Structures are given as structure tokens and as C-alpha cells.
Amino acid sequence: MASAPRIGTRRLVVGAHYGLSDWLAQRFTAVANAVYTVILMVAFLGGRNYSYEGWAGLFSHAWMKVATLVVIVSVAYHAWVGIRDVWMDYVKPTGIRLLLQVGTIVWLFASVAYAVIVLWKV
């Protein structure tokens, strides 16, 4: 018995296929950052004490610490999605790309950890 004739070519699918999930993540994190910016602008424009004590008083509230922490993580994830795409698109040697991605992850985690330490000292 003869095998069925092949019509056309099979499409080779490669890549990470992040597409829609990355696009949505970038949009959600951008919205979180924009909302936080509005909160800071309202606090700044409505404030009277622009000294260190005034800002420390604003950031001493639990809701502000939580909002700031959410935005810090949001900015880190936003940066990760963007820079990961740059590394995947423009750095072709796999070893160098992996090194750059691991370095980016370490830097982002360290930045978030440092921001949390600073935030909770207030």
C-alpha cells in the first residue's frame, strides 16, 4: 500500500510563544504604574509638608507601603518581559543570551530586595 501524498510543507514552529501573555503582562503592569503615579501626584499636589518628615509620614502608612511594593514588583516584571524579549531577539549565541538573562534576573531580584528593605525602614 502506498503512503498518502504529502501536500504542502509542515510548518516548523519554534520560539517561546509568549505573545499574548507578554502583551497582557506589559499592559497590566503599565496600568499599575500609571495608577501609582496618579496616587503620588495627588499626594504631592495635596501635601503641605515637602520635607523628609512629610514624605516619610506618607510612606509610613501600610496602604502606601503595599501600593509601593506592588509597583516595585510590577516595574521589575515589566522590565523583565521587555529585556527578555530584547535578549531573545538580538543575542543569538545561546550561552551569552542565557548569561545575560540570568544576570538580568539576579539584578532585578536584588533591586526588588533592596527596595523592600528601604521601604520597610520608613
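Coordinate-derived values only; no laboratory data. Predicted model only: the values in this text are computed from it and were never measured. For neighbour counting, all protein chains shown are included, and Cβ atoms are generated from backbone atoms with ideal geometry for every residue, glycine included.
If I filter region 82-108 down to residues being touching a residue at least 12 places away in the same chain (Cβ under 8 Å) and of a type in the set (A, V, I, L, M, F, W, C), which single residue comes out as nearest to A25 (Cα to Cα)?
Per the criteria, the residue is I83.
One line per residue, one yes/no per condition, for (1) over 24 Å from A43 (Cα atoms); (2) more than 12 Å from the chain's Cα centre (by Cα):
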position: L69; (1), (2): no, yes
position: I72; (1), (2): no, no
position: V75; (1), (2): no, no
position: A79; (1), (2): yes, no
position: V86; (1), (2): yes, yes
position: L99; (1), (2): yes, yes
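Name the one entry in A56, A79, A67 that is buried (at least 16 other Cβ atoms within 10 Å of the Cβ), part of a helix (DSSP H, G or I) and either in contact (Cβ under 8 Å) with a residue 24 or more places away in the chain or of a type in the set (D, E, K, R) (or both).
None of the other options fit; the residue is A67.
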